[in-house]
1. Inspect the range 38-54 for any residue being under 15 Å from the mean Cα position of the chain (by Cα) and not basic (Lys, Arg) and give the result as yes or no.
2. Every residue in the range 29-58 that is outside any helix (DSSP H, G or I) and either of a type in the set (A, V, I, L, M, F, W, C) or over 20 Å from Val81 (Cα atoms) (or both), please.
3. Among Gly107, Gly89, which is the only one that is surrounded by 14 or more Cβ atoms within 10 Å (Cβ to Cβ), under 26 Å from Gln169 (Cβ atoms) and in contact with a Ser or Thr (Cβ under 9 Å, 6 or more places away or on another chain)?
4. Tell me, which residue of the range 1-24 that is of a type in the set (Gly, Ala, Ser) and modelled with pLDDT of 95 or more is nearest to Phe118 (Cα to Cα)?
5. Against the conditions (1) of a type outside the set (A, V, I, L, M, F, W, C); (2) surrounded by 14 or more Cβ atoms within 10 Å (Cβ to Cβ); (3) outside any loop (DSSP other than H, G, I, E, B); (4) out of contact with any helix residue (DSSP H, G or I) (no Cβ under 9 Å at 6 or more places or on another chain), where does Ser26 fall short? Just the number, please.
6. Could you please give the count of residues in the range 37-73 that are modelled with pLDDT of 90 or more and either within 20 Å of Ile115 (Cβ to Cβ) or of a type in the set (Asp, Glu) (or both)?
7. For the range 13-22, give me each residue that is in contact (Cβ under 8 Å) with a residue 40 or more places away in the chain and either β-branched (Val, Ile, Thr) or loosely packed, with under 12 Cβ neighbours inside 10 Å (or both).
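The values are calculated or read from the model by the stated rules, or taken from the named source; none is laboratory data. Keep in mind that this is a model prediction, so the values were computed, not measured. FYI the Cβ positions are ideal-geometry reconstructions off the backbone, even for glycines, and counts take in every protein chain you see.
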Amino acid sequence: MVSVNFRQAFATDHASITDLHVRVSSEAYADMLPQDYLANVMPGEKAKLWQRRLAPSVNPERLVITLAEVHSGLAGFACFVLDEETNFGTYLHNLYVDRSFQGKRLGLRLLIESISRFSEERWEEPVHLLTMRENYPARGFYDRLNGHVVEQKQNVMSRYPDVTFVRYQWPSARAMAANASNLGIPLREEDGR
C-alpha cells in the first residue's frame, strides 16, 4: 500500500489543488456539463477559487482544507467551509481524489482526517454537501456513508439552469466519521471523542 501523508493546505498548494480539482472535475462531469465550460471556463474559476481560499488574509477558522499526498504528489483533498450555508450544518464543499486513488478508501480517510481537525463543538453539528444529481459515483459513495438526501435544487450554476443538485446531510460530523470508520477506516483513539 502506498504511504499517504495528510496535512493542512497552505497558500503554496494552490496550483496543485487547482490542477487536481480541474482534472478530476473534467473527467467526472464530462457528460453533465458543457465541454466549453469544462475546458475554457472552469480552470480559471478554480484557480481564482483556490487563490482566494488560500490567501494569507483568509481566516483559518472558516476553512478546514486537508491534503492527501503521496510520493508522486497530491492524491486528493477535502475542503470544509465552516461559515457557508450553516442552516444545514458544516459544509463539505469539496472532496476530490485522483482517479488512480479512487476506490482505495482515500476519500474516507480524507473525511476522517478533516473531521479530526474540527473543534469539539463542531463534531456534534450536522454536515452537508451538494453534488450533481447525475453524479452517480459520488452519490453511491455518500449513500454508503449513510448520507440522507434532504433537498434537490436547480440553478446553483446560473449559466446552466438544467443542472440539478442534491443535498446530502449527516446528523453530525461524529456520525459521518463513524460511518466512514464502519466502512473500514478506523478512527484513531483521539478522533473518537
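1. The answer is yes; a qualifying residue exists.
2. Tyr29, Ala30, Asp31, Met32, Leu33, Pro34, Leu54, Ala55, Val58
3. Step by step, each of Gly107, Gly89 is checked, and only Gly89 is surrounded by 14 or more Cβ atoms within 10 Å (Cβ to Cβ), under 26 Å from Gln169 (Cβ atoms) and in contact with a Ser or Thr (Cβ under 9 Å, 6 or more places away or on another chain).
4. Among them, the one singled out is Ala9.
5. Unmet for Ser26, out of (1) of a type outside the set (A, V, I, L, M, F, W, C); (2) surrounded by 14 or more Cβ atoms within 10 Å (Cβ to Cβ); (3) outside any loop (DSSP other than H, G, I, E, B); (4) out of contact with any helix residue (DSSP H, G or I) (no Cβ under 9 Å at 6 or more places or on another chain): (4).
6. Of the residues in that region, 10 qualify.
7. Ile17
Table: residues versus (1) modelled with pLDDT under 95; (2) surrounded by 14 or more Cβ atoms within 10 Å (Cβ to Cβ); (3) part of a loop (DSSP other than H, G, I, E, B).
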{"residue": "Asp143", "(1), (2), (3)": "no, no, no"}
{"residue": "Asn146", "(1), (2), (3)": "no, yes, yes"}
{"residue": "Val149", "(1), (2), (3)": "no, yes, no"}
{"residue": "Val156", "(1), (2), (3)": "yes, no, yes"}
{"residue": "Arg167", "(1), (2), (3)": "no, yes, no"}
{"residue": "Ala178", "(1), (2), (3)": "yes, yes, no"}
{"residue": "Ile185", "(1), (2), (3)": "yes, yes, yes"}
{"residue": "Arg193", "(1), (2), (3)": "yes, yes, yes"}
